[in-house]
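Please treat every number below as a calculation from the coordinates, not as lab data. Just so you know, these numbers come straight off a predicted model, no measurement behind them. So basically every Cβ, Gly included, is an ideal-geometry build from the backbone, and we count neighbours across all protein chains shown.
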Amino acid sequence: MHLVAVLVRVAVAGLALLAVLSARADPGFEPTSGTLLVRTSPDTPPLPVPALDTRIGVRVTGPVARTRVTQRFANPTGLWLEGVYVFPLPDDAAVDHLEMHVGGRVIEGRIEEREQARRSYERARAGGQRASLVEQERPNLFTASLANIGPDDAIEVVIEYQHTLRWDAGRMELRLPLVAAPRYLPGGGPETPGAGHEASGHAVPGIAAPGARIEIEIDAGVPVASITSPSHAPLIERTGPAQLRVELDGVPCDRDLVLVWELEASDDSLLAAFTEQRDDGVYALLMLVPPAAPRPRRLVREIVFVVDTSGSMSGASIEQGRAALALALDALAPDDFFNVIEFDSTTRRLFPGSVRAAPEMLRHARHRIARLQADGGTEMLPALEAALIDEGHGVDVRQIVFITDGAVGNESRLFETLARGLGRSRLFTVGIGSAPSSYFMRRAARHGRGSFTYVGRTDEVGERMGDLLEKLERPLLRDVEVRWADPAEAWPERVADLYAGEPVLVTARLPRASGEVRVSGHDGEGAWSVRAALDAPRDGLGIHRLWARRRIESLMDGLASGADASAVRAEVVELALRHHLVSKWTSLVAVERTPARPRGAPGASGRVATAIPHGWGLPGSLPQGGSPAPLLLLLGTGLALVGSLWLGLQQLGRCEP
């Protein structure tokens with residue numbers, strides 16, 4: 001036996017032993033090197049397969065971004081393989097397209113009800129046909145399965161989705177999720193992304209993140225003053241006053257890509273309406289930014305600050321949380337009321353109830369905040385329930401500021417609590433860390449009729465929190481109403497309060513594009529309104545899918561208020577099929593008609609490991625659930641090395657000279 005072959009066997013044996021040991025310690029932490037693992041039978045060790053290649057293209061038009069994700073498998077083994085992996089999406093993404101490229105052929109995906117799509121996929125897998133299946137695990141987390149990847153085969157899977165951009169303080173923000181983070185489930189350990197499927201992807205400490213090539217074309221619609229990326233160092237080319245091209249090559253998929261561009265300042269109020277013609281009517285996207293107006297009188301407020309101090313917040317995240325709280329306390333006026341609630345496995349109030357922001361109370365709060373440490377589980381529900389208790393202080397506005405990475409798995413219980421107990425409070429969420437669960441925090445803010453702010457780095461705390469605190473101090477518009485010239489089915493039904501620099505987006509379905517749309521509200525000094533004409537519809541914007549996605553979100557939210565589950569499911573399925581969307585009950589499936597795997601040829605399946613988000617590598621930084629997996633993983637690594645060395649020496653002893 002050649003020495004190289006021996007070394008290869010040593011490496012494979014070490015990987016196999018390490019996988020087995022760690023799987024026995026904690027099934028959620030099978031270590032690999034960022035590759036696809038497959039087994040020919042439950043009793044055989046796992047075999048590594050090269051990691052997937054990723055290319056991402058984004059086209060931005062005004063407030064809408066359309067993204068095309070291309071992922072490639074290469075199979076150098078002699079086996080027919082199945083791979084299952086997870087990929088993250090923006091929380092409001094509308095997934096609508098699937099292609100599979102095999103041997104020069106393109107197989108288009110179709111939307112089917114989830115159970116039917118799974119049956120179609122499983123029949124194709126059993127019949128030897130190449131197939132792909134895209135399923136939604138959460139509104140911002142999807143799994144993609146590939147069946148019958150042949151020996152020396154290469155298969156490309158293309159997924160397309162679109163979503164609306166975030167606009168805050170005159171800046172447009174594109175967030176491109178590149179990593180799926182583990183989530184904490186109360187009463188248990190970290191939930192692995194894709195854990196609902198027996199062969200899904202999983203996040204592993206120490207995994208080297210795969211690289212991706214990303215190209216972004218931007219047409220902002222109005223001149224762009226500047227563009228930056230707080231997360232990466234991309235190559236940026238300006239191709240026109242409102243047009244830009246952004247490129248990144250080999251970027252590690254261990255953190256979200258964030259691009260922020262600032263629009264040239266204008267004194268004019270802005271009410272922009274985009275329309276799209278479809279067979280069943282006209283779909284409209286309304287974007288409202290209030291005019292520069294005299295600041296209304298200052299409102300007396302009660303603010304409850306809730307800060308996550310669980311294990312997933314360790315490292316840079318807890319530093320950002322402490323800095324954010326310190327800035328928030330500095331913004332309080334003496335007649336404001338406040339309290340601070342911290343939570344990990346338990347909930348702790350700084351004061352029994354909200355108190356005046358007197359100097360001695362603020363000093364005590366700053367002293368406590370400076371000593372916050374991150375450890376323990378993420379039991380968010382008791383903290384949220386405590387924050388929602390309205391003590392009846394005679395204030396104009398009651399606000400809750402929730403600072404967390406959002407790494408939880410029981411979102412539905414939290415949304416139910418918000419729907420039941422919000423009252424006059426408004427909830428504002430602050431996302432901390434390199435890969436926060438923006439789905440949870442954005443949706444929680446929508447339930448709470450507030451807004452979501454993201455803080456990615458410690459040096460961003462001042463700017464991001466400053467913008468948020470300015471909004472909290474003076475809402476610009478309350479009781480916002482939208483009136484269309486024709487009857488419209490619009491979402492959201494209840495428009496949130498409007499704050500400085502943050503637009504309101506409304507989608508609607510209309511019988512035709514005609515007349516005007518009028519938006520009105522109260523700014524603290526009196527009534528305010530603005531009008532805009534509905535322009536001729538344009539093609540290709542995909543507004544109908546955004547409308548359908550928001551309608552589906554509204555239907556799913558209704559479940560928290562006791563809506564009939566069977567009726568909700570039926571309407572969601574009908575909307576998803578009509579608008580070609582992946583949802584909780586519909587999936588995209590693509591099946592090649594001709595079988596590829598010979599009858600009787602053995603197959604194998606496995607899971608693709610995903611990287612831990614950037615900054616989560618410190619001890620205690622994973623969501624905590626009382627599992628001894630990190631210690632057992634360390635022991636497994638040592639035992640694997642010893643076992644590999646022993647096996648290697650045994651093989652070397654048998655080598656021919």
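Computed from backbone phi, the HN-Hα couplings of region 440-453 come to 4, 6, 5, 5, 4, 5, 5, 4, x, 6, x, 8, 10, 10 Hz, rounded to whole numbers (Karplus: 6.51 cos²θ - 1.76 cosθ + 1.60, θ = phi - 60°; Gly and Pro given as x). With both labels modelled 7 Å from their Cα along Cα-to-Cβ, the ASP479 to GLU237 distance reads 5.3 nm. Sites listed here are GluC sites (Glu not before Pro) in region 439-520 whose DSSP assignment is loop and whose Cβ has at most 16 other Cβ atoms within 10 Å: GLU493.
Label sites at GLU385 and ARG420, each approximated as a point 7 angstrom past Cα along Cα to Cβ, lie 0.8 nm apart.
Considering only DSSP beta bridges with both partners in region 301-473, what is the antiparallel share in %, to the nearest 5? For region 301-473, the DSSP antiparallel bridge percentage is about 15. Under a 5 Å amide H cut-off, with hydrogens placed 1.01 Å from N, HIS232 pairs with VAL258 among residues at least 5 apart or on other chains.
Relative to the current alpha-carbon distance between GLU115 and LEU327, full extension at 0.36 nm per residue lengthens the span by 71.3 nm.
In a reduced charge model with +1 at each Lys and Arg Cβ and -1 at each Asp and Glu Cβ, region 301-473 shows a dipole moment near 260 debye about its Cα centre. Length gained on full extension, ALA563 to ARG368: 65.9 nm, using 0.36 nm per residue less the C-alpha separation. For region 301-473, the equivalent ellipsoid derived from the alpha-carbon gyration tensor has semi-axes of 21, 19, 16 Å in decreasing order. For THR61, neighbours were defined as the other residues whose beta-carbon sits under 10 Å from its Cβ, and their charges (Lys and Arg +1, Asp and Glu -1) total +1.
Using a simple spin-label model with pseudo-atoms 7 Å out from Cα toward Cβ, ALA225 and ARG348 lie 4.3 nm apart.
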